[in-house]
Amino acid sequence: MKKHTLKIILFFLFAFGWSNACLAQLSAEKIDSLVENAMKKFNVAGVSVGIVKDGKVIHSKGYGVKSILTKGKVDAHTQFAIASNSKAFTTTALSILVDEGKLSWNDKVKDRISGFKMYNDYVTENFNIQDLLTHRSGLGLGVGDLMFFPGGSDFTMKDVLSGFQYFKPQSAFRTKFDYDNLLYYVAGEVVAKVSGMSWEEFIQKRIMRPLGMDHSYASLALMKDKSNLALPHSEENGKLKQIESFGDQINGAAGGIYANSDDLCRWMLVHLNKGKYGDQLDKRLFSVANHQEMWKIHTVMEANGDPRYNSHFSGYGLGWFLMDMRGKLCVSHTGGLPGMLSMTTLYPDLGLGVVVLTNTADGGGGLFSAVTQTIVDSYLGLDKYDWTDQFYKQLQGGTQNADEVTKKVWQQVAKQKDKINAASYAGIYVDKWFGKIEVFLKGKQLWFKSFRSPKLTGPMYFYKANAFAIKWDYQDMNADAFAIFSLDEEGRAQSIKMKGISPHIDFSFDFQDLDLIRVE
């Protein structure tokens, strides 16, 4: 998920402002107007919104188009990639296995998964199942996500399990929140090992099928009929362009599910009902004890005492963010993949759940925040506030700042006249977890090529000093990067450090975690 999208999410949680008009709970017509206005403002192709209240589905509807090319309309059954909203399915799957006595939350990961090794022996020996789910490993934000961002790489679960030992911790174990994805892949492997079926099969058979989520899928590959699939879009120079769907990864535990607003209403209801489901609520998916475990803060985060919401605490449970808003518990999560952004928000004290799905990058984050918060405010009895306008201003400000930074970099590249010995940079470099890359000459132009992540290929342009700017062939997301070389006394490159050019680069492009050493 993009860094500035995360800022928008945090902003909506801790936002400000009052006005005079009192806001009643929104009618269907007002919700339609709210969504349609936000779609125009944020330039979003398609949206689906689901709302549950007091045990009933009160709104489930699609807006806009699945694809700007086909113009097919979004409806309540249109499938969107829900990305990291899949994490709560993983924690629910583990809760079921704990309920069945097949697993304990305190089981050591190394005892369940052979080959699991962290950055030091103490952490390896003490890392338990809940540590996989709570973003408190000590490793940095999005660590190792380059194994899977962009899609199309060949990394395996074996690579994930062996890679952790090479990452440098950024904080002490279990002391600080830093969002990660790789450890959720390991959690998916735990589900597979313990249950005897793949994570995808478990999610389909043990969660989606019982709940009647008949139009949702644990992976894109399981979706045989893609006629109602929303396709992702990005914005380029103010215009939308359709991009390719993000492919399946080694498992979907961190972000692989495709679902729709109608089915996700059922998903919200089972959590609001503390594990109960069915017409008479006579069936149970998970126990009350494990419902409480999922909705208990395991990793403390900074709270902001904003006067509008009067929040006092914030943290992460098992697959859910947790905080208080006007004295009510707020349980939420967001999800983001290229061109797909989503948000799920539950207020158990109000019997309220809201899910917003979008198929457009950047603007989708502003839209899901504005739509969700306007609906929530109506149930909290708060005065009216123009969230759409507020989030739009913030998004525009962040985008303009990032654009100015990247523009200056490429202007510097364009005016460079210094002559360099390009051949001295060419060679094979290896990172212990990311593998081999090559810097080579194509004619007179230096190029960068990753062997294991083929989309990370592109020309390298001299920037200044020993730094080059890489323009990736992959442009579905803004992930262009700097390559900074270290030279020996003869001026021959020996190693490469990297970082994103844009200050708003998606955190999953963790170039900063690479340590590329020349081997040839």
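Rounded, prolate or oblate, given the Cα gyration tensor of the stretch 229-322, with a/c below 1.5 counting as rounded? Oblate, since a/c reaches 1.5 and b/c is not below a/b. Cβ-to-Cβ counts within 10 Å put V409, V300, V519 in ascending order as V519, V300, V409, the fewest first. With the simple model of a label 7 Å out from the Cα in the direction of the Cβ, D282 to K499 spans 6.2 nm.
Among the chymotrypsin sites (Phe, Trp or Tyr not before Pro) in the stretch 267-324, which ones are in a DSSP loop with at most 16 other Cβ atoms within 10 Å of the Cβ? Mind listing them?
Values: sites: W267, Y277, F286, W295, Y309, F313, Y316, W320, F321; in loops: F286, W295, Y309, F313, W320.
When the chymotrypsin sites (Phe, Trp or Tyr not before Pro) of the stretch 267-324 are filtered for loop state and at most 16 Cβ neighbours within 10 Å, F313 remain.
One chain, two ends: D383 and Q445. Fully extended at 0.36 nm per residue, the span grows by 16.4 nm beyond their Cα-Cα distance.
Given the convex hull of the Cα atoms of the chain, what is a quarter of its surface area in nm²? Working shown, then result.
Details: hull surface 97.8 nm².
Over all viewing directions, the chain projects a mean Cα-hull area of 24.5 nm².
Rounded, prolate or oblate: which one fits the stretch 389-469, using the alpha carbon gyration tensor with axes a ≥ b ≥ c (rounded when a/c is under 1.5, else prolate when a/b beats b/c, else oblate)? Since a/c reaches 1.5 but b/c is at least a/b, the shape of the stretch 389-469 is classed as oblate.
I need the trypsin sites (Lys or Arg not before Pro) found in the stretch 94-125, filtered to DSSP loop residues with at most 15 other beta carbons within 10 Å of theirs. Show your work: numbers first, answer last.
Details: sites: K102, K108, K110, R112, K117; in loops: K102, K117.
Qualifying residues, ordered by number: K102.
Using R₀ = 45 Å, calculate the FRET efficiency as 1/(1 + (r/R₀)^6) where r is the Cβ-Cβ separation of K226 and K168; round to 0.05. If you can, show how the numbers build up before the last one.
Working: r = 41 Å, r/R0 = 0.92.
My answer for the efficiency is 0.65.
Placing dummy labels 7 Å off each Cα toward the beta-carbon, the span from L69 to K415 is 4.0 nm.
Of all lysines in the structure, those lying under 22 Å Cα to Cα from K53, and not within fewer than 8 positions of it along the same chain, are K30, K61, K274, K276, K283, K328, K384.
In whole percent, what relative contact order does the chain give with Cα contacts below 8 Å and a gap of six or more residues? Can you show the working numbers first?
Details: 1165 pairs, mean separation 103.6, N = 520.
Reported relative contact order: 20 percent.
With the charge dipole of the chain set up from +1 on Lys and Arg Cβ and -1 on Asp and Glu Cβ about the Cα centre, the Cα lying farthest toward the positive end among the listed residues G144, P210, F42 is that of F42.
Lysine pairs in the stretch 416-518 whose alpha-carbon atoms fall under 15 angstrom of each other, counting only those eight or more residues apart or on distinct chains, come to 15.
Give me H215, H233 sorted ascending by neighbouring Cβ count inside 10 Å, so fewest comes first.
Working: H215 18, H233 30.
Ascending Cβ contact count within 10 Å gives the list H215, H233.
Kyte-Doolittle mean at least 1.0 and Cα extent at least 15 Å along the axis: which DSSP H helices of the chain qualify? Walk me through the intermediate numbers first.
Working: long enough: 3-13 (16 Å, 1.30); 28-42 (21 Å, -0.38); 87-99 (18 Å, 0.95); 182-195 (20 Å, 1.20); 261-272 (16 Å, 0.30); 363-380 (25 Å, 0.68); 387-415 (42 Å, -1.17).
In the chain, the long hydrophobic H runs are 3-13, 182-195.
Ranking G317, F167, V519 by how far each Cα lies toward the positive end of the dipole of the chain (charges on Cβ) leaves V519 at the top.
Label-to-label distance for D349 and H312 is 0.9 nm, based on points extended 7 Å past Cα in the beta-carbon direction. Distance from the C-alpha centroid of the stretch 253-282 to that of the stretch 446-520: 42 Å, rounded to the whole angstrom.
Using R0 = 22 Å, the C-beta based FRET efficiency linking S104 and T175 works out to 0.40.
Values quoted throughout were computed directly from the atomic coordinates according to the rules given, and no laboratory measurement underlies them. This is a predicted model, so every value here is computed, not measured. Backbone-built Cβ (ideal geometry, glycine too); neighbour counts: all protein chains shown.
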